[in-house]
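Student: Structure below; questions to follow.
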Amino acid sequence: MATPPPSFPPSLRFASLAIYPQKPHLTQRQKEAAAFIVSGVKRDAVTRTSPQRSIIELTVERLVQRIPGSRLEGFFDGAWALVPMPGSAAYAKANSVTPTRSICRAMHAAGLGERVLPILRRVQTIQKSAFSSPSERPSAVTHFESMAVELPLHEAPPARALLVDDVVTRGATAMGAAARLRASFPDVTVALFTIARLDPMTEAFYDPCVGLITIQADGSQVRRHNHRDLASPDSVEDTPF
């Protein structure tokens, strides 16, 4: 039986806390900030100071501090099921510890979601986008086809699912994941939160942002639009996805 093609949402709301600077534009201070925060989050590392603390927990604390008065205000309302994004490698254990699951747990502890729901699983290993040239990065269709949804019997299907990742570039992974969730739960509302986004450096490393990820119906032309790039920033709040 043929697998039905993915049904991509026409747009996907996203929010991010910080900037992961593009390497050619880094100063030494920006390199250190990006390496400490983003690399630390990706490795689920701890600080070297005593007492040692999780960098993810510290970053989520900074997120909570930055929400009031920023564009993130209103994005989190506590009603989201936090869905960690799977890595690029296939794994079999449902309770595997991953950085994105650690981010979700820290966000849930901070009141930024109603529950952690690790239901997305990578069933086929794909090439890491970070190690690929732009033309060779996995497409949204590839991400969709390499993922599966496994909802435990004791869990209710999510009405609102907030995908959680460490870094977003274009958003192909998130679009593939959103389509996979919609294949299992057609009425689910999906959005994305990432600790950082790949962007040129602005005035500060922490730069809360919201925007939209858009895609063509066939899964091509995935694009990320920050609020400042949109014709009407208010439209970010009006999109149903």
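Any read-out appearing in this document is the output of simple, stated calculations on the displayed coordinates, not a laboratory observation. Because the structure is a prediction, the values reported are computed rather than measured. Ideal geometry is used to build each Cβ from the backbone, glycine not excepted, and the neighbour counts take in all protein chains shown.
Student: Checking the a/c ratio against 1.5 first, then a/b against b/c, what shape does the Cα gyration tensor give for the range 62-199?
Tutor: Values: a/c = 1.66, a/b = 1.19, b/c = 1.39.
The shape class here is oblate.
Student: If you count, for each residue, the other Cβ atoms within 10 Å and average over each peptide, how do 51-63, 110-122 line up from highest to lowest? Before the final figure, lay out the partial values.
Tutor: Details: 51-63: 17.3, 110-122: 18.8.
Averaged packing, sorted descending, gives the order 110-122, 51-63.
Student: I would also like to ask the following. So what J values fall out for the range 174-182 if you push phi through Karplus, 6.51 cos²θ - 1.76 cosθ + 1.60 with θ = phi - 60°, rounded to Hz, Gly and Pro as x?
Tutor: Calculated HN-Hα couplings, in order: 5, 5, x, 5, 4, 5, 5, 5, 5 Hz.
Student: Shifting gears a bit: Residue by residue, what Karplus-based ³J(HN,Hα) values in Hz, rounded to whole numbers, does the range 57-72 have, using 6.51, -1.76 and 1.60 with θ = phi - 60° and x for Gly and Pro?
Tutor: Per residue, the Karplus-derived 3J(HN,Hα) values read 4, 5, 5, 5, 4, 5, 4, 4, 5, 8, 5, x, x, 9, 5, 6 Hz.
Student: Another question about this same structure. Quick query: amide H of Y20 versus all other amide H atoms, modeled in the peptide plane; which residues come in under 5 Å with a sequence gap of 5 or more or a different chain?
Tutor: R197, L198, D199
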